[in-house]
């Protein structure tokens, strides 16, 4: 029974997306910040439990990633609707993840089974996205006058997100080319 605890935590994190979105849209910024922060910290907990006790599974990895994306994109959508982020930012972040998912699917189908391996740039992109979301939630909740900091983190997230998407395209295309060449040699 305990081995399913990380999956339950991931599922709960994914389900937190709906109340966080509602809290943002209802102008309950402090509650949205604390719930988003708690949900984000749960990602550390489920991962630590899974690794520490050997409770990793394909289902767990899938749930973990899906929960992260539901929460993050829910927050971004609400921030767009609340006029705190531009729509093109949400589209850029979605496009990057679409590139990753579609690329992985094609690689699995055409070359070989893919083991997910986030790049350092991909991890940096995700960290910048999380930082941006939490910074906007906190600055709005407590009326911090940190527009320059928000703008700097926003552009760092834009560059890392776009760069990460391009990196995944180039990296996996080259890897697929090598894999297909090795298979025909």
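Observations on the model:
- Residue satisfying condition, being over 24 Å from residue 164 (Cβ atoms) and either out of contact with any strand residue (DSSP E or B) (no Cβ under 8 Å at 6 or more places or on another chain) or surrounded by fewer than 16 Cβ atoms within 10 Å (Cβ to Cβ) (or both), within set 33, 76: 33
- Within region 165-185, the residues that satisfy the criterion of being modelled with pLDDT under 75 and loosely packed, with under 13 Cβ neighbours inside 10 Å are 181, 182, 183, 184, 185.
- Looking across 35, 5, one residue alone is within 16 Å of residue 134 (Cβ to Cβ) and in a helix (DSSP H, G or I). It is 35.
- Of the criteria (1) exposed (fewer than 14 other Cβ atoms within 10 Å of the Cβ); (2) in contact (Cβ under 8 Å) with a residue 40 or more places away in the chain; (3) in the same structural domain as residue 18 (by TED's automatic domain parsing), which one residue 67 fails: (1)
- Options 95, 41: the member that is closer than 26 Å to residue 164 by Cα, surrounded by fewer than 17 Cβ atoms within 10 Å (Cβ to Cβ) and either touching a strand residue (DSSP E or B) at 6+ places or on another chain (Cβ under 8 Å) or not assigned by TED's automatic domain parsing to the domain that holds residue 160 (or both): 41
- Note on region 38-55: residues that are part of a helix (DSSP H, G or I) and in contact (Cβ under 8 Å) with a residue 24 or more places away in the chain total 10.
The values are calculated or read from the model by the stated rules, or taken from the named source; none is laboratory data. Small disclaimer: the values here were computed from a predicted structure and weren't measured. Using ideal geometry, Cβ is built from the backbone for each residue, glycine included, and neighbour counts are taken over all protein chains shown.
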